[in-house]
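Colleague: The structure under discussion is supplied below as structure tokens; questions concerning it will follow.
The values are calculated or read from the model by the stated rules, or taken from the named source; none is laboratory data. Note that the structure is a prediction, hence the values are computed from the model and not measured. Quick reminder, even Gly has a Cβ in these numbers, built from the backbone with ideal geometry, and neighbours come from all protein chains shown. Accessible surface areas use protein heavy atoms only, side chains included; no ligands, DNA or RNA. Shrake-Rupley method; radii C 1.70, N 1.55, O 1.52, S 1.80 Å.
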Amino acid sequence: MMYKMDANVKKAIMLVTVIMMCMLPHILSKSIMTIVCSIMGYLIIAGALNVINGYSGQMCFGIAGFYCVGAYTMAILMNTFHVSFWIGIIPSGLFAAIIGALIAIPTLKMKGMFMAMITIGFSEVMRLIALNWTSVTGGTMGIKGLKAPMFFGLKTSGASRYYYIYLATVLLFLFSTDRVIHSRIGRAWMAIREDDMAAKSLGISLNLYKIINFMYGAFWAGIAGALLAPYKTYIDSAYFTLDEGFNILSMVIIGGQGTLAGPFIGVTVYQFLVEGLRFAGVWRYIACAILIIAMMWLRPQGLAGNSESVLAGKKNRSRSFIKLPEVFSLDRTFGTRRLGKANIG
Amino acid sequence: MNELMLEAKGVSKIFGGLTAVDQVDMKVYKGDIFGIIGPNGAGKTTFFNMCTGFYTASKGKLFFEGKDITKMSSDRIAQLGITRTFQNIKLFKYMNVLENIAVGFHINTCSNVFDAVFHTKRYKKDEEHVMQKSMEILKKLGLQDYAYMMAGKLPYGIQRKVEIARALAVNPKLILLDEPAAGMNPMETDSLMEFIRLLNKDGYTIILIEHDMKFVMNLCNNIMVLNFGKKICEGTSEVVRNDQNVKEAYFGKGLTRGIA
């Protein structure tokens with residue numbers, strides 16, 4: 001019933017995947033690399049949203065706000081203060097995390113739709129600040145002339161080179177999130193998601209862990225924003241609309257909340273759908289809408305989600321319409337994957 | 001009986017016009033097995049909720065080992081050493097048994113996000129501790145075979161046991177069990193009784209709510225009876241069994257008076 005892979009096999013698969021990922025720019029054309037880069041960007045931010053929505057069960061709809069904060073922090077640091085990209089990236093994330101804490105504190109007692117409303121509002125506030133605070137953010141003109149950084153004398157401009165920065169960040173994100181999820185903190189988040197009363201009775205401070213959760217998610221969303229700014233060389237508030245936030249949310253939902261693999265599958269499916277249907281013009285977004293509705297109907301836990309999860313709903317637990325092999329449910333054994341090494345007997 | 005563990009002084013809980021718990025005094029000493037009984041709607045669970053911080057008492061005060069816990073949040077109270085189980089089992093249904101218990105170790109471990117990311121010594125020590133102790137608890141309750149099973153899919157009796165196991169992981173001084181034998185068959189009830197006795201011998205103080213009179217009368221040293229929020233009797237099982245007020249609360253006035 002439980003899918004278990006030998007640790008060495010797993011490591012080997014991971015290594016091969018990473019090497020293949022490194023080769024991509026040499027295989028694929030530049031136009032496809034642009035799509036791959038945007039997928040990479042979304043991977044980080046969708047993963048960040050997944051930490052908030054999927055693992056601690058909060059309802060954050062305003063991830064674009066943190067994205068915006070990170071991007072503008074980076075752009076302002078580079079443009080006004082002439083800080084190098086490599087130094088600016090951490091403060092961008094940290095600043096987004098601080099904003100995350102500021103949003104988390106007043107919403108501690110909120111759940112569900114109320115939380116969603118506040119975060120939607122926050123996202124719009126951030127965008128409007130970026131749009132109207134002309135002296136700092138350039139207003140409608142945005143911030144221009146950002147340069148992709150130099151990496152020990154190597155240029156990183158252009159999709160096929162900037163890709164490596166994205167790849168490194170994605171791997172870093174995966175590595176750290178995987179470790180956090182399988183620690184005491186991750187278990188506390190999941191306990192809050194599953195049953196907050198029981199979590200409280202075990203001494204888990206809901207307030208503290210919700211704040212940490214928000215800060216962690218916001219940090220990576222900020223990093224994603226910070227990577228976007230030098231890649232696009234120009235940012236304005238139009239990158240961070242509510243639509244963008246909902247796109248990211250739908251990627252997470254399609255992929256499967258509360259699984260590490262989920263956002264990755266979701267982002268890839270969504271992006272290839274959007275790009276593949278380019279001939280259909282703006283109508284292609286209807287396909288995305290239909291996909292989301294179909295997912296809610298047939299597999300609410302998402303493509304990678306487990307059929308035995310809170311999200312699957314009662315109806316689907318007994319008769320799953322789309323049966324995927326257990327390989328996709330990588331997080332089947334989330335909390336004790338590392339614990340599980342010891343023998344019982 | 002020696003040390004005072006949990007003390008309630010004139011505790012009341014008022015919901016709008018309804019007084020769910022009315023001026024209840026209670027003293028539970030260290031090493032005791034204390035039972036709370038009463039007809040449906042007597043305020044037993046409400047009283048439990050106040051002891052564990054899920055409700056704040058409208059009047060009166062609660063003390064745990066001399067500390068005022070009346071207005072404390074439930075996670076603070078858990079950190080002081082009171083844990084509970086719930087009447088309608090509140091397991092983390094989509095996590096397996098081992099994970100459920102691992103969550104219980106939360107306050108006995110201390111690694112933070114940075115420890116987790118960098119796998120510091122503290123993290124490794126914590127995880128080892130959690131693993132080792134979880135296994136000990138599983139063995140103690142005979143739940144080894146269920147370790148990797150999804151908690152929500154287990155039989156009812158086993159779920160009750162897992163909930164107790166999770167409460168033990170917190171390493172509490174006082175355990176509050178809300179109807180632990182509900183829905184269990186007589187065999188399961190007997191083994192549960194034995195198990196609670198064992199826990200008590202290990203030094204845990206236990207307060208339990210239960211409707212199964214045989215269970216309560218055999219197990220508890222002291223029993224408090226609530227009816228419509230008021231305490232109507234307290235004492236050993238002998239005292240409670242022969243108390244007129246208790247008989248009236250359960251059987252009504254007509255019958256008992258008529259026979260007497």
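Colleague: Going by alpha carbons, how many degrees (0 to 90, nearest 10) lie between the helix axis of A:242-255 and the longest principal axis of chain A?
Modeller: 30
Colleague: If r is the Cβ-Cβ distance from A:S31 to B:F118 and R0 is 45 Å, what FRET efficiency results, to the nearest 0.05?
Modeller: 0.70
Colleague: Where Lys and Arg each count +1 and Asp and Glu each count -1, what net charge lies around B:C220 among other residues with Cβ under 9 Å from its Cβ? Don't skip to the end; give the middle numbers.
Modeller: Details: positive: none; negative: B:D32, B:E210.
Net of charged neighbours comes to -2.
Colleague: In chain B, carbon and sulfur make up what percent of the accessible area (probe 1.4 Å)?
Modeller: Its accessible area is 52 percent carbon and sulfur atoms.
Colleague: May I ask you to find the residues of segment B:144-190 that are shielded by at least 50 Å² of accessible area once the whole protein assembly is considered instead of their isolated chain (probe 1.4 Å)?
Modeller: Buried by the other chains: B:Y148, B:M150.
Colleague: Given only helices, namely DSSP H runs of n ≥ 4 each adding -39500 (n - 2.57), what is the per-residue ellipticity at 222 nm of chain B, to the nearest 500 deg cm²/dmol?
Modeller: -12000 deg cm²/dmol
Colleague: Mean-square fluctuation check for chain A, GNM, Cα pairs under 10 Å: which of A:G158, A:G88, A:G262 is largest?
Modeller: A:G158
Colleague: Residues of segment A:174-203 with accessible area at least 40 Å² lower in the all-protein-chain context than alone (1.4 Å probe)?
Modeller: The answer is A:R179, A:R184, A:I185, A:R187, A:E194, A:D195, A:M197, A:A198, A:K200, A:S201, A:L202, A:G203 - residues whose exposure falls by at least 40 Å² when every protein chain is included.
Colleague: Give the lysines whose C-alpha is closer than 17 Å to that of A:K210, dropping any in the same chain fewer than 8 places away, or say none.
Modeller: A:K109, A:K111, A:K200
Colleague: Give me the three principal axis extents of segment A:1-140 from the C-alpha atoms, as integers in angstrom, largest value leading.
Modeller: Projected onto the principal axes, the Cα atoms of segment A:1-140 cover 51, 43, 27 Å.
Colleague: Whole number please: convex hull volume per residue, Cα atoms of chain B, in Å³. Before the final figure, lay out each step's value.
Modeller: Details: hull volume 38.0 nm³, N = 260.
Considering the Cα atoms of chain B, their hull volume per residue is 146 Å³.
Colleague: Rank B:E210, B:E128, B:E65 by mean-square fluctuation in a GNM of chain B with C-alpha springs under 10 angstrom and give only the top-ranked residue.
Modeller: Maximum among the listed residues: B:E128.
Colleague: Okay, moving on. Using only the Cα atoms of segment A:122-254, build the gyration tensor, take square roots of its eigenvalues as a ≥ b ≥ c, and label the shape rounded, prolate or oblate: rounded if a/c is under 1.5, else prolate if a/b is larger than b/c, else oblate.
Modeller: In terms of gyration-tensor shape, oblate.
Colleague: With the cut-off at 1.5 for a/c, could you classify segment B:187-260 from its C-alpha gyration tensor as rounded, prolate or oblate?
Modeller: Here segment B:187-260 falls in the prolate category.
Colleague: Extension gain A:I129-A:I13, at 0.36 nm per residue separation less the Cα-Cα distance, in nm?
Modeller: Separation in residues times 0.36 nm, less the Cα-Cα distance, equals 37.3 nm.
Colleague: Setting aside same-chain residues fewer than 8 positions from B:K9, which lysines have a Cα under 19 Å from its Cα?
Modeller: B:K27, B:K30, B:K44, B:K59, B:K61, B:K67, B:K71, B:K230, B:K231
Colleague: With each pseudo-label sitting 7 Å past Cα toward Cβ, what's the B:E3-B:E248 distance in nm, one decimal?
Modeller: It is 4.0 nm.
Colleague: Any idea what diffusion coefficient the protein assembly as shown gets from Stokes-Einstein, in µm²/s, Kirkwood Rh on alpha carbon pairs, 4 °C, 1.567 mPa s?
Modeller: Stokes-Einstein gives a translational diffusion coefficient of 49 µm²/s.
Colleague: Just for chain B, what percent of DSSP beta bridges are antiparallel, to the closest 5?
Modeller: Expressed as a percentage, antiparallel bridges in chain B total about 55.
Colleague: Grab the alpha carbons of segment A:188-254, take their convex hull, and tell me the volume per residue in Å³.
Modeller: Measuring per residue, one finds 105 Å³ for the Cα hull of segment A:188-254.
Colleague: Moving on to the next point. Report the far tail of the P(r) of segment B:91-169, meaning the percent of Cα-Cα pairs longer than 22 Å.
Modeller: In whole percent, the share of Cα-Cα pairs in segment B:91-169 beyond 22 Å is 25.
Colleague: Tally Lys and Arg at +1 and Asp and Glu at -1 over the other residues with C-beta under 11 Å from the C-beta of A:L242: what net charge comes out?
Modeller: Counting the neighbours of A:L242, the net charge comes to -2.
Colleague: With a 1.4 Å probe and every protein chain left in place, work out the accessible area per residue of the protein assembly as shown in Å², rounded to a whole number. Write out the running numbers ahead of the final one.
Modeller: Numbers: 26810 Å² over 605 residues.
Per-residue value: 44 Å².
Colleague: Quick one: compute a quarter of the convex hull surface over the Cα atoms of segment B:1-135 and quote it in nm².
Modeller: 11.0
Colleague: Work out which residues of segment B:54-103 lose at minimum 50 square angstrom of accessible surface when the other protein chains are put back, relative to the chain isolated, with a 1.4 angstrom probe, and list them by number.
Modeller: Listed in order, they are B:F54, B:D75, B:K90, B:F92, B:Y94, B:M95, B:E99, B:V103.
Colleague: Run through segment A:132-195 and list the trypsin sites (Lys or Arg not before Pro) located in a DSSP loop whose Cβ has at most 16 other Cβ atoms within 10 Å.
Modeller: Qualifying residues, ordered by number: A:K144, A:K147.
Colleague: Quote the total accessible area buried by chains A and B together, excluding ligands, DNA and RNA, probe 1.4 Å, nearest 100 Å².
Modeller: For A against B, buried area totals roughly 3900 Å².
Colleague: Can you flag which of B:K90/B:K253; A:K10/B:K125; A:K10/B:K153; A:K11/B:K125 are past 27 Å Cα-Cα?
Modeller: Cα-Cα > 27 Å for B:K90/B:K253; A:K10/B:K153; rest within.
Colleague: Given contacts defined as C-alpha pairs under 8 Å and at least six residues apart, what's the relative contact order of chain B, whole-number percent?
Modeller: 26
Colleague: If eta is 1.567 mPa s and T is 4 °C, what Stokes-Einstein diffusion coefficient results for chain A, Kirkwood Rh from Cα pairs, in µm²/s?
Modeller: For these conditions, the coefficient is 62 µm²/s.
Colleague: A follow-up question, please. Bin by bin, in steps of 10 Å, what percent of the Cα pairs in segment A:149-218 do you find, going until the bin that has the longest distance?
Modeller: 18, 34, 20, 16, 10, 2
Colleague: To continue, here is another question. Could you give me D for segment B:134-229, from Stokes-Einstein at 10 °C and 1.306 mPa s, where the hydrodynamic radius is the Kirkwood radius over C-alpha pairs? Units µm² s⁻¹, please. Please report the intermediate quantities before stating the final value.
Modeller: Working: Rh = 14.2 Å.
Estimated via Stokes-Einstein, D reaches 112 µm²/s.
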